[in-house]
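**Student:** Handing you a structure now.
The values are calculated or read from the model by the stated rules, or taken from the named source; none is laboratory data. Computed from a predicted structure; not experimentally measured. Here the Cβ positions follow ideal geometry from the backbone for every residue, glycine too, while neighbour counts run over all protein chains shown. With ligands, DNA and RNA removed, areas are computed over all heavy atoms of the protein, side chains included. Shrake-Rupley method; radii C 1.70, N 1.55, O 1.52, S 1.80 Å.
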Amino acid sequence: MADKEKDKKATPAAKKAAPAKAAAKTTSAKATAKPAAAKAKAPAKRAVARPLTRVVRPEQPREERRERKEEPREAPRPRPEARPLPTAPAGHAPVIKADGSSDGSVELPAAIVSPAKRRGVLFQALLTSLANKRQGTSATKNRSRVAGGGAKPWRQKGTGRARQGSTRSPQWRHGGVVFGPNGRRYNQRMTAMMSHAAFAEALSALAASGRILVVDEFRFDGDRPRARAVIDWLARVGDTGRAVLVTVKTDERVGRATANLKEFDLRTPGTLRLEDVLRAQTVLVHRPALDALAARATVATVERAE
(Lines give C-alpha, C1' and ligand atoms only; values in the text may rest on other atoms or scores of the structure.)
Protein backbone atom coordinates (compact mmCIF):
# COMPACT_ATOMS: atom_id res chain seq x y z
CA MET A 1 0.00 0.00 0.00
CA ALA A 2 2.86 2.34 0.86
CA ASP A 3 4.46 1.65 -2.51
CA LYS A 4 1.26 2.49 -4.33
CA GLU A 5 0.91 5.78 -2.48
CA LYS A 6 4.51 6.70 -3.43
CA ASP A 7 3.79 5.97 -7.06
CA LYS A 8 0.67 8.13 -6.97
CA LYS A 9 2.61 11.01 -5.37
CA ALA A 10 5.43 10.73 -7.94
CA THR A 11 3.25 10.61 -11.00
CA PRO A 12 2.58 14.38 -11.35
CA ALA A 13 6.27 15.28 -11.27
CA ALA A 14 7.19 12.43 -13.51
CA LYS A 15 4.52 13.42 -15.95
CA LYS A 16 5.96 16.95 -16.12
CA ALA A 17 9.55 15.72 -16.52
CA ALA A 18 8.70 13.17 -19.19
CA PRO A 19 7.59 15.69 -21.86
CA ALA A 20 10.66 17.80 -21.21
CA LYS A 21 12.93 14.81 -21.72
CA ALA A 22 11.06 13.84 -24.85
CA ALA A 23 11.35 17.38 -26.25
CA ALA A 24 15.05 17.42 -25.48
CA LYS A 25 15.46 14.14 -27.28
CA THR A 26 13.55 15.39 -30.31
CA THR A 27 15.55 18.64 -30.49
CA SER A 28 18.80 16.74 -30.21
CA ALA A 29 17.61 14.35 -32.91
CA LYS A 30 16.66 17.28 -35.18
CA ALA A 31 19.97 19.00 -34.51
CA THR A 32 21.86 15.89 -35.47
CA ALA A 33 19.64 15.30 -38.49
CA LYS A 34 20.04 18.85 -39.97
CA PRO A 35 23.83 18.73 -40.49
CA ALA A 36 23.49 15.32 -42.02
CA ALA A 37 20.80 16.58 -44.40
CA ALA A 38 22.86 19.67 -45.19
CA LYS A 39 25.86 17.55 -45.96
CA ALA A 40 23.76 15.35 -48.20
CA LYS A 41 22.19 18.32 -50.10
CA ALA A 42 25.40 20.34 -50.55
CA PRO A 43 26.58 20.07 -54.18
CA ALA A 44 29.92 18.52 -54.86
CA LYS A 45 32.73 20.97 -55.50
CA ARG A 46 34.05 20.99 -59.03
CA ALA A 47 37.70 21.21 -59.83
CA VAL A 48 38.55 24.41 -61.67
CA ALA A 49 41.49 24.36 -64.06
CA ARG A 50 43.97 27.10 -63.28
CA PRO A 51 46.90 28.24 -65.40
CA LEU A 52 50.14 26.55 -64.59
CA THR A 53 52.15 29.76 -64.79
CA ARG A 54 51.22 33.23 -63.71
CA VAL A 55 53.10 36.23 -65.01
CA VAL A 56 53.66 38.79 -62.32
CA ARG A 57 54.77 42.12 -63.69
CA PRO A 58 56.70 44.36 -61.38
CA GLU A 59 54.75 47.44 -60.53
CA GLN A 60 56.39 50.65 -61.65
CA PRO A 61 56.45 53.53 -59.23
CA ARG A 62 54.23 56.46 -59.98
CA GLU A 63 57.17 58.80 -60.41
CA GLU A 64 58.43 56.87 -63.43
CA ARG A 65 54.96 56.92 -64.96
CA ARG A 66 54.76 60.67 -64.57
CA GLU A 67 58.19 61.09 -66.12
CA ARG A 68 57.10 59.08 -69.15
CA LYS A 69 53.97 61.16 -69.58
CA GLU A 70 55.94 64.38 -69.34
CA GLU A 71 58.39 63.35 -72.08
CA PRO A 72 57.97 65.67 -75.09
CA ARG A 73 56.62 64.11 -78.27
CA GLU A 74 58.45 64.25 -81.53
CA ALA A 75 57.52 67.24 -83.62
CA PRO A 76 55.57 66.38 -86.80
CA ARG A 77 57.43 66.46 -90.07
CA PRO A 78 57.25 70.00 -91.46
CA ARG A 79 55.57 70.30 -94.82
CA PRO A 80 57.33 72.28 -97.50
CA GLU A 81 55.84 75.69 -97.99
CA ALA A 82 53.80 75.92 -101.18
CA ARG A 83 54.99 78.58 -103.54
CA PRO A 84 52.98 80.40 -106.21
CA LEU A 85 52.30 78.58 -109.45
CA PRO A 86 54.59 79.38 -112.39
CA THR A 87 53.24 81.72 -115.03
CA ALA A 88 53.27 81.63 -118.82
CA PRO A 89 52.16 83.93 -121.65
CA ALA A 90 48.58 83.89 -122.86
CA GLY A 91 47.75 80.73 -124.78
CA HIS A 92 50.68 78.88 -123.21
CA ALA A 93 51.09 76.60 -120.18
CA PRO A 94 54.15 76.25 -117.92
CA VAL A 95 56.17 73.05 -118.24
CA ILE A 96 56.89 71.16 -115.01
CA LYS A 97 59.96 68.95 -114.72
CA ALA A 98 60.34 65.75 -112.69
CA ASP A 99 61.67 67.59 -109.64
CA GLY A 100 58.71 69.98 -109.57
CA SER A 101 60.47 73.04 -110.97
CA SER A 102 59.24 74.92 -114.04
CA ASP A 103 61.17 75.06 -117.29
CA GLY A 104 59.72 77.22 -120.07
CA SER A 105 56.26 76.93 -121.51
CA VAL A 106 54.37 75.13 -124.25
CA GLU A 107 51.61 76.36 -126.52
CA LEU A 108 48.19 74.92 -125.80
CA PRO A 109 45.92 73.66 -128.62
CA ALA A 110 43.37 76.09 -130.02
CA ALA A 111 40.49 73.82 -128.95
CA ILE A 112 41.44 74.44 -125.30
CA VAL A 113 42.50 78.09 -125.52
CA SER A 114 39.74 79.59 -127.68
CA PRO A 115 36.74 77.28 -128.03
CA ALA A 116 33.45 78.31 -129.54
CA LYS A 117 31.33 80.07 -126.93
CA ARG A 118 27.98 78.42 -126.42
CA ARG A 119 25.83 80.04 -123.78
CA GLY A 120 24.23 77.69 -121.27
CA VAL A 121 25.75 74.49 -122.66
CA LEU A 122 28.11 74.12 -119.68
CA PHE A 123 25.28 74.26 -117.16
CA GLN A 124 23.17 71.84 -119.19
CA ALA A 125 26.04 69.39 -119.46
CA LEU A 126 26.63 69.52 -115.71
CA LEU A 127 22.97 68.78 -114.98
CA THR A 128 23.06 65.88 -117.43
CA SER A 129 26.13 64.33 -115.84
CA LEU A 130 24.69 64.66 -112.35
CA ALA A 131 21.37 63.15 -113.44
CA ASN A 132 23.06 60.20 -115.14
CA LYS A 133 24.86 59.36 -111.90
CA ARG A 134 21.62 58.85 -110.01
CA GLN A 135 20.49 55.28 -109.37
CA GLY A 136 16.73 54.96 -109.32
CA THR A 137 16.77 51.84 -107.15
CA SER A 138 14.39 53.02 -104.40
CA ALA A 139 11.31 50.78 -104.31
CA THR A 140 8.34 50.02 -102.04
CA LYS A 141 6.03 47.01 -101.75
CA ASN A 142 2.42 47.13 -102.84
CA ARG A 143 -0.30 44.91 -101.40
CA SER A 144 0.61 42.00 -103.66
CA ARG A 145 4.28 42.01 -102.59
CA VAL A 146 3.80 42.25 -98.81
CA ALA A 147 3.98 38.86 -97.12
CA GLY A 148 0.85 37.53 -95.44
CA GLY A 149 -2.76 38.64 -95.69
CA GLY A 150 -4.04 35.58 -97.48
CA ALA A 151 -7.02 34.99 -95.20
CA LYS A 152 -10.05 37.24 -95.10
CA PRO A 153 -10.07 39.13 -91.75
CA TRP A 154 -13.78 38.52 -91.15
CA ARG A 155 -16.79 37.41 -93.13
CA GLN A 156 -18.34 39.63 -95.72
CA LYS A 157 -21.65 40.38 -93.96
CA GLY A 158 -23.21 40.29 -90.56
CA THR A 159 -20.42 41.78 -88.43
CA GLY A 160 -21.41 45.43 -88.69
CA ARG A 161 -17.94 46.37 -89.91
CA ALA A 162 -16.71 47.42 -93.30
CA ARG A 163 -15.92 44.61 -95.68
CA GLN A 164 -12.23 43.72 -95.87
CA GLY A 165 -10.50 41.28 -98.14
CA SER A 166 -6.92 41.31 -96.82
CA THR A 167 -4.89 42.67 -93.92
CA ARG A 168 -2.23 43.82 -96.38
CA SER A 169 -4.39 46.39 -98.13
CA PRO A 170 -3.10 49.98 -97.89
CA GLN A 171 -5.50 51.11 -95.15
CA TRP A 172 -4.19 48.44 -92.75
CA ARG A 173 -1.11 48.72 -90.59
CA HIS A 174 1.82 46.81 -92.13
CA GLY A 175 -0.06 46.93 -95.42
CA GLY A 176 1.16 47.82 -98.87
CA VAL A 177 2.11 51.30 -100.15
CA VAL A 178 -0.03 53.08 -102.72
CA PHE A 179 1.75 54.70 -105.66
CA GLY A 180 5.18 54.27 -104.04
CA PRO A 181 8.47 54.40 -105.98
CA ASN A 182 9.21 51.18 -107.81
CA GLY A 183 12.28 52.06 -109.84
CA ARG A 184 12.89 55.11 -111.97
CA ARG A 185 15.33 56.26 -114.61
CA TYR A 186 16.93 59.69 -114.37
CA ASN A 187 19.04 59.39 -117.52
CA GLN A 188 19.25 62.40 -119.78
CA ARG A 189 20.59 62.52 -123.30
CA MET A 190 22.87 65.13 -124.76
CA THR A 191 24.42 65.46 -128.19
CA ALA A 192 28.12 64.80 -128.57
CA MET A 193 28.67 68.27 -130.00
CA MET A 194 27.21 69.91 -126.92
CA SER A 195 29.19 67.72 -124.49
CA HIS A 196 32.46 68.47 -126.32
CA ALA A 197 31.66 72.18 -126.30
CA ALA A 198 30.97 72.15 -122.57
CA PHE A 199 34.20 70.25 -121.88
CA ALA A 200 36.22 72.70 -123.96
CA GLU A 201 34.65 75.69 -122.24
CA ALA A 202 35.53 74.32 -118.79
CA LEU A 203 39.15 73.76 -119.84
CA SER A 204 39.40 77.21 -121.42
CA ALA A 205 38.35 78.83 -118.14
CA LEU A 206 41.23 77.11 -116.36
CA ALA A 207 43.67 77.97 -119.14
CA ALA A 208 42.69 81.65 -119.00
CA SER A 209 43.45 81.76 -115.27
CA GLY A 210 46.80 79.95 -115.69
CA ARG A 211 45.64 76.80 -113.93
CA ILE A 212 46.64 74.29 -116.63
CA LEU A 213 50.19 72.96 -116.26
CA VAL A 214 51.98 70.57 -118.60
CA VAL A 215 54.09 67.93 -116.84
CA ASP A 216 57.11 66.94 -118.87
CA GLU A 217 57.97 63.94 -116.68
CA PHE A 218 57.09 62.68 -113.23
CA ARG A 219 58.84 59.86 -111.43
CA PHE A 220 58.97 58.67 -107.84
CA ASP A 221 61.57 56.54 -106.16
CA GLY A 222 60.84 52.90 -105.38
CA ASP A 223 58.35 50.41 -106.67
CA ARG A 224 55.73 51.58 -104.16
CA PRO A 225 55.85 55.35 -103.81
CA ARG A 226 54.19 56.87 -100.78
CA ALA A 227 51.59 59.59 -100.59
CA ARG A 228 54.11 61.85 -98.83
CA ALA A 229 56.30 61.85 -101.95
CA VAL A 230 53.35 62.98 -104.10
CA ILE A 231 52.44 65.71 -101.61
CA ASP A 232 56.01 67.01 -101.56
CA TRP A 233 56.11 67.02 -105.36
CA LEU A 234 52.88 69.02 -105.55
CA ALA A 235 54.25 71.48 -102.99
CA ARG A 236 57.36 72.00 -105.13
CA VAL A 237 55.15 72.63 -108.15
CA GLY A 238 53.25 75.36 -106.32
CA ASP A 239 49.97 76.12 -104.60
CA THR A 240 47.89 73.75 -106.70
CA GLY A 241 44.96 73.31 -104.29
CA ARG A 242 42.67 70.56 -105.51
CA ALA A 243 44.54 69.07 -108.45
CA VAL A 244 43.84 66.55 -111.21
CA LEU A 245 46.66 64.72 -112.97
CA VAL A 246 45.80 63.56 -116.50
CA THR A 247 48.04 60.81 -117.87
CA VAL A 248 47.96 58.69 -121.02
CA LYS A 249 47.23 55.53 -119.04
CA THR A 250 46.63 54.91 -115.38
CA ASP A 251 49.81 54.36 -113.38
CA GLU A 252 49.06 51.77 -110.70
CA ARG A 253 51.97 52.88 -108.52
CA VAL A 254 50.85 56.51 -108.42
CA GLY A 255 47.20 55.49 -108.14
CA ARG A 256 47.94 53.31 -105.11
CA ALA A 257 49.94 56.09 -103.46
CA THR A 258 47.28 58.76 -104.04
CA ALA A 259 44.19 56.68 -103.31
CA ASN A 260 43.65 58.29 -99.90
CA LEU A 261 44.40 61.87 -100.91
CA LYS A 262 41.21 63.91 -100.80
CA GLU A 263 42.45 66.81 -102.94
CA PHE A 264 44.15 64.85 -105.71
CA ASP A 265 42.66 62.77 -108.54
CA LEU A 266 44.36 60.66 -111.18
CA ARG A 267 42.57 60.48 -114.53
CA THR A 268 43.10 59.66 -118.18
CA PRO A 269 41.74 61.66 -121.16
CA GLY A 270 38.92 59.12 -121.47
CA THR A 271 37.98 58.96 -117.77
CA LEU A 272 38.24 62.70 -117.09
CA ARG A 273 34.73 63.95 -116.32
CA LEU A 274 33.29 67.40 -116.57
CA GLU A 275 32.77 67.43 -112.81
CA ASP A 276 36.48 66.79 -112.26
CA VAL A 277 37.42 69.80 -114.37
CA LEU A 278 34.88 72.09 -112.70
CA ARG A 279 35.80 70.97 -109.20
CA ALA A 280 39.58 71.10 -109.70
CA GLN A 281 41.61 74.22 -109.06
CA THR A 282 44.60 73.03 -111.11
CA VAL A 283 44.82 70.54 -113.98
CA LEU A 284 48.19 68.85 -114.52
CA VAL A 285 48.43 67.30 -117.99
CA HIS A 286 51.16 64.87 -118.97
CA ARG A 287 52.72 65.99 -122.22
CA PRO A 288 51.82 62.81 -124.19
CA ALA A 289 48.19 63.17 -123.07
CA LEU A 290 47.83 66.77 -124.25
CA ASP A 291 46.82 65.85 -127.80
CA ALA A 292 44.21 63.33 -126.62
CA LEU A 293 42.76 65.94 -124.27
CA ALA A 294 42.59 68.47 -127.11
CA ALA A 295 40.86 65.92 -129.35
CA ARG A 296 38.18 65.44 -126.73
CA ALA A 297 37.63 69.20 -126.49
CA THR A 298 37.35 69.57 -130.29
CA VAL A 299 33.81 70.14 -131.55
CA ALA A 300 33.30 68.25 -134.79
CA THR A 301 31.22 70.12 -137.36
CA VAL A 302 29.28 68.41 -140.11
CA GLU A 303 28.65 70.31 -143.34
CA ARG A 304 25.11 70.06 -144.56
CA ALA A 305 24.59 69.19 -148.21
CA GLU A 306 22.64 71.87 -150.06
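**Student:** Could you look at segment 192-251 and say what percent of its accessible area is carbon and sulfur, using a 1.4 Å probe and all protein chains?
**Tutor:** Looking at segment 192-251 in its full context, I get 47 percent from C and S.
**Student:** Whole number in Å², please: accessible area per residue of segment 152-306, 1.4 Å probe, ligands, DNA and RNA not counted.
**Tutor:** Details: 9680 Å² over 155 residues.
About 62 Å² of surface per residue is accessible.
**Student:** Could you pull out the chymotrypsin sites (Phe, Trp or Tyr not before Pro) across segment 110-184 that fall in loop regions by DSSP (anything but H, G, I, E, B) with no more than 14 other Cβ atoms inside 10 Å?
**Tutor:** Within segment 110-184, the qualifying chymotrypsin sites (Phe, Trp or Tyr not before Pro) (loop, at most 14 other Cβ atoms within 10 Å) are Trp154, Phe179.
**Student:** Additional query: State whether segment 226-286 is rounded, prolate or oblate according to the following rule on the C-alpha gyration tensor (a ≥ b ≥ c being the square roots of its eigenvalues): a/c under 1.5 gives rounded; otherwise a/b larger than b/c gives prolate, and the remaining case gives oblate.
**Tutor:** Oblate shape, in that a/c is at least 1.5 and b/c is the bigger or equal ratio.
**Student:** For the pairs Lys97/Lys133; Lys133/Lys249; Lys97/Lys249; Lys117/Lys249, flag any whose C-alpha to C-alpha distance is greater than 28 Å.
**Tutor:** Lys97/Lys133; Lys117/Lys249
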